[in-house]
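Report on the structure given below.
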Amino acid sequence: MKRSGVDLLVGLFVLLGFAALVFLALRAGNMSSAVGLGPTYEASARFDNIGGLKPRAAVRSAGVVVGRVAAIRFDDQAYQAEVVLALDQRYRFPKDSSAKILTSGLLGEQYIGLEPGADAAMLAPGERITMTQSAVVLESLIGQFLYGKAAEGGGK
């Protein structure tokens, strides 16, 4: 009788541990819908370089999550990455808003930062954000720094 009670407690503990691992895996993979976005509308933006941006990445404005990256496509006519944003309908942005790819911390996940403009007209569903800033690639910055130092040292 005592043995089955202990077995039951151990089984519940293992099940709880497994549920915690699944929860952490979903959070780490950005697959959970913790934001709770309601109805959304789509907007798009083109970037020369998206770095490590992934679908379902956050779209933030003033640090608040206002949407998610719905899809990423390559435009073979303009040779740019087209990012489709699913923005929460509660949040409307002016047509002259700008989008840039930012990184959480030094080596953290990448997300899209939206900065509202001053236009009176609002961004309509399906419209494109034209003012964009591509991702800063750390390897490229290091290369530019080293190249600049080498050129500086070689000229003396």
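The values are calculated or read from the model by the stated rules, or taken from the named source; none is laboratory data. In this text the structure is predicted, and so the values were computed from the model without any measurement. All Cβ positions, glycine included, derive from the backbone under ideal geometry; neighbour counts span all protein chains shown. These accessible areas exclude ligands, DNA and RNA; they are computed on the full protein's heavy atoms, side chains included. Shrake-Rupley method; radii C 1.70, N 1.55, O 1.52, S 1.80 Å.
Residue by residue through the range 121-134, which ³J(HN,Hα) values in whole Hz follow from phi under the Karplus form 6.51 cos²θ - 1.76 cosθ + 1.60 (θ = phi - 60°), with glycine and proline marked x?
For the range 121-134, the Karplus-derived couplings read 7, 8, 5, 8, x, x, 7, 9, 7, 8, 8, 10, 10, 5 Hz, x marking Gly and Pro.
If R₀ is 30 angstrom, what is the calculated FRET efficiency for the pair Gln144 and Glu109, using the beta carbon separation as r and rounding to 0.05? Present the calculation step by step, with values, prior to reporting the outcome.
Working: r = 24 Å, r/R0 = 0.79.
For R0 = 30 Å, the calculated efficiency reads 0.80.
Heavy atoms only, probe 1.4 angstrom, no DNA, RNA or ligands counted: give me Leu9, Leu26 ranked by accessible area, highest first.
Working: Leu9 115, Leu26 80 Å².
Final ranking, largest accessible area leading: Leu9, Leu26.
When the scattering of the chain is computed by the Debye formula from its Cα atoms alone, each counted once and equally, what is log10 I(q)/I(0) at q = 0.15, 0.18 Å⁻¹?
The calculated log intensity ratios at q = 0.15, 0.18 Å⁻¹ are -0.85, -1.08.
Could you look at the chain and say what percent of its accessible area is carbon and sulfur, using a 1.4 Å probe and all protein chains?
Carbon and sulfur together cover 62 percent of it.
Express the C-alpha Rg of the range 71-111 as a ratio against the empirical globular expectation 2.2 N^0.38 Å, rounded to two decimals.
1.46
Scan the range 32-123 for chymotrypsin sites (Phe, Trp or Tyr not before Pro) in coil per DSSP, keeping those whose Cβ has at most 10 other Cβ atoms within 10 Å, and list them by number.
Filter output for the range 32-123: Tyr79.
Considering the dipole of the chain built from charges on the beta carbon (Lys and Arg +1, Asp and Glu -1) around the Cα centre, which of Ala62, Thr132, Gln80 is farthest to its positive end?
Ala62
Quick one: if the Förster radius is 30 Å, what FRET efficiency do Ala19 and Arg56 give, using the C-beta to C-beta distance and rounding to 0.05?
That pair, Ala19 with Arg56, gives E of 0.90.
State the three equivalent ellipsoid semi-axes of the range 111-156, derived from the C-alpha gyration tensor as the square roots of 5 times its eigenvalues, in descending order and whole Å.
40, 12, 8
What angle do you read, to the nearest 10 degrees and between 0 and 90, between the alpha-carbon axis of helix 138-154 and the longest principal axis of the chain?
Helix 138-154 and the main axis of the chain meet at about 40 degrees.
If you count only protein heavy atoms with a 1.4 Å probe, what accessible area per residue comes out for the chain, rounded to a whole Å²?
66 Å²
On C-alpha positions alone, give me the angle between the axis of helix 2-28 and the longest principal axis of the chain, in degrees, nearest 10.
10 degrees
Pick out, from Ile142, Leu53, Val22, the residue whose Cα sits farthest towards the positive end of the charge dipole of the chain, with +1 on the Cβ of Lys and Arg and -1 on the Cβ of Asp and Glu.
Result: Val22.
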